[in-house]
1. Can you tell me which residues in the range 56-86 are touching a Gly at 6+ places or on another chain (Cβ under 8 Å) and away from ligand 2 (no atom under 16 Å from the Cβ)?
2. Is there a residue being of a type in the set (A, V, I, L, M, F, W, C), out of contact with any Asp or Glu (no Cβ under 8 Å at 6 or more places or on another chain) and farther than 21 Å from Tyr64 by Cα anywhere in the range 226-243?
3. Going by what's in this entry, would Gly134 be described as at pLDDT 95 or above, open to solvent by 50 Å² or more (accessible area, probe 1.4 Å) and on the phi > 0 side of the Ramachandran plot?
4. If I ask for residues that are more than 28 Å from the chain's Cα centre (by Cα), in contact (Cβ under 8 Å) with a residue 60 or more places away in the chain, open to solvent by 30 Å² or more (accessible area, probe 1.4 Å) and at negative phi, which ones from the range 209-243 would you list?
5. Mind counting the residues in the range 539-558 that are over 19 Å from Ser353 (Cα atoms) and either part of a loop (DSSP other than H, G, I, E, B) or open to solvent by 40 Å² or more (accessible area, probe 1.4 Å) (or both)?
6. Please list, ordered by residue number, the strands (runs of 3 or more DSSP E) wholly in the range 123-220 having 1 or more residues that are over 20 Å from Glu237 (Cβ atoms) and in contact with a Leu (Cβ under 6 Å, 6 or more places away or on another chain).
7. Looking for something away from ligand 1 (no atom under 16 Å from the Cβ), within 30 Å of Pro160 (Cα to Cα) and touching an Asp or Glu at 6+ places or on another chain (Cβ under 7 Å) - is there at least one such residue anywhere in the range 110-118?
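The values are calculated or read from the model by the stated rules, or taken from the named source; none is laboratory data. No experiment lies behind these values; they were computed from the predicted model shown. As a convention, Cβ positions derive from the backbone with ideal geometry for all residues, glycine included, and neighbour counts pool all protein chains shown. To get the accessible areas, we keep the full protein, side chains included, count just its heavy atoms, and leave off ligands, DNA and RNA. Shrake-Rupley method; radii C 1.70, N 1.55, O 1.52, S 1.80 Å.
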Amino acid sequence: GNHNPWWANAVVYQIYPRSFQDTNGDGCGDLPGITSRLDYLADLGVDVLWLSPVYKSPQDDNGYDISDYQDIDPMFGTLSDMDRLLAEAHQRGLKVVMDLVVNHTSDEHAWFQASRDPQDPHADWYWWRPAKEGHEPGTPGAEPNSWGSYFGGSAWEYDPQRGEYYFHQFSKKQPDLNWENPRMRQAVYAMMNWWLDRGIDGFRMDVITLISKHVDADGELPGVGRSTMSAGPVGPEGYSNPGPLCQDGPRLDEFLQEMHREVFDGRHGYMTVGEAPGISPVRDEFITNPANHELDMLFLFEHTDIDHGPESKWDVVPWKLTDLKKTLGRHQRAVAQAGWASLFFDNHDQPRSVSRWGDTSTDRLRVLSAKALALLMHMHRGTPYIYQGEELGMTNAGFTRLDQYRDLESINLYHQRVDQAGVVSGERMLAGLAAMSRDNSRTPMQWDDGKYAGFTAEYAPREPWIPVNPNKDQINAASQVRDPDSVFSFYQRLIELRHSDVLVSAGEWDLLDPEDEQVYAFTRSLPAEQAAGIKEAEGHKLLVVVNASSRPAKVPAQTRALLGGHAGADQILLSTYKEEETTASLLIGKLSPWEAFVYRL
Ligand code: NOJ
Ligand code: CA
């Protein structure tokens, strides 16, 4: 049914605070910087801000390594800066969601430091294991199993003080918390309640589907000690992948339901979204079905994998529009009856969508494709997420040398693949980074065409922490906010459409012409019994058509049949071209490059 909670009509805007707005000239974005830009965000029309982590952190992984959950990193400001941001956002009707990183902490967190003592009550709050039998602890090959870290090297780090190894799926400064320990879980829930009581409106939960590991009957991790399970095959870089045995583990539902009871029951007006590697569509429905009291929605990554090579994401392969339809379609259908989808191309871990799925070869095609991709994604059923700068059509960074990168994943994986394992040449890995590195989306927000794009003052004592993209001269907010033809203005209209037309948020999604490799088309409609209560929706159906290519495209058969006798300009609610141009396209049955429109049938 159409339960239609507030976040079903909402658009979320993700802020990567380090790269958004610097106010004190240290080259890093900060909380007062976000507060100073709230009017811009309100003008864009979004409803919710999601802040990537701003907690106290050694910044090994740009804040995804938290050393104190209940404090703000001095680099970003203070707790009172946070209170002020919350108050100012709420005043403008904007909600604020924080990043919750509880699969792991920093190794500098007090809990981890305490757990290094086997007698301490925190001894069991992380995954500590002895060296492999018959090996000298701390020597190569003595790691408890063959798992590799996603950020390079073994997933095990030896601690001489404790005389044991700890498990870390991400960097060695991000030890995995042991969710099997109930006292650890209660500490996490207490921290979450503390933030909600302070006034935040929910959480985006970092790799939350990794918190329950697939252990054997004795609680042992695969391949460790006398474990009865295998850690999986070792790949060309010398490690096996912990993924399959650390995702969607047997106690995930239990932990999420417990969290719901301890934190969210009895609260209203909040939202939760879980980052969900390894979650199948069936599990997606279960976890987001309100009847199961887990999470409101999940980020699935099937569609962002379609251009990854079979061995790694760094070996980029051409993607097919039919694969995008299949993967997004699976997510849409999974939650058609119950549950809810989140809609995104970009975030701080993905390259920029206009560079990846669009066309940046000319200014004209860049603008057209940025709009077409926005329309494609936002017109699906679910809650759309905009990543800072996406609303301007910001592009990839264009880095050509390793020393331009800051991201530990990019740098570590370069060394592991090129220098250590020798599975790829330096040139090829740099090409892989140019296409896929997370730094592509982390360059400073382009506010204007000033020396540092308005991200930091021109006289600032420190340069931005990562180079500004030189295309800030062409692509920036100052030139777009008042230009009706800009990508920014197009996003404004898309958001308005969602807010004003119930079909956009609630309508059923049905794909048309699934085999077409150029045109992505679908309808959004409400069945009579649902539309009955909602006056504007009665008898209405939206048709969404996107030429996702830089070549002209024929309107495919099913879409053409639906359009039938219609061709009125007043039925075009939004188009990447002028209304009369789109009407003309429909008359001849041929779409221009990146022509995309919403049509009321
Ligand atoms: C997913 C986050 O989005 C990413 O940026 C981070 O590096 C890892 N989780 C580890 O926290
Ligand atoms: Ca700063």
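1. Asp83, Leu86
2. Yes: one or more hits.
3. Spelling it out, Gly134 is indeed at pLDDT 95 or above, open to solvent by 50 Å² or more (accessible area, probe 1.4 Å) and on the phi > 0 side of the Ramachandran plot.
4. Once the filter is applied, which keeps residues that are more than 28 Å from the chain's Cα centre (by Cα), in contact (Cβ under 8 Å) with a residue 60 or more places away in the chain, open to solvent by 30 Å² or more (accessible area, probe 1.4 Å) and at negative phi, the range 209-243 yields Val234, Pro236.
5. 9
6. It comes to 202-205.
7. Looking for residues that are away from ligand 1 (no atom under 16 Å from the Cβ), within 30 Å of Pro160 (Cα to Cα) and touching an Asp or Glu at 6+ places or on another chain (Cβ under 7 Å), one finds at least one in the range 110-118, hence yes.
Yes or no, residue by residue, for (1) among the small types (Gly, Ala, Ser); (2) away from ligand 1 (no atom under 16 Å from the Cβ); (3) in a helix (DSSP H, G or I):
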residue: Val423; (1), (2), (3): no, yes, no
residue: Ala434; (1), (2), (3): yes, yes, yes
residue: Gln446; (1), (2), (3): no, yes, no
residue: Tyr452; (1), (2), (3): no, yes, no
residue: Pro461; (1), (2), (3): no, yes, no
residue: Phe488; (1), (2), (3): no, yes, yes
residue: Ile495; (1), (2), (3): no, yes, yes
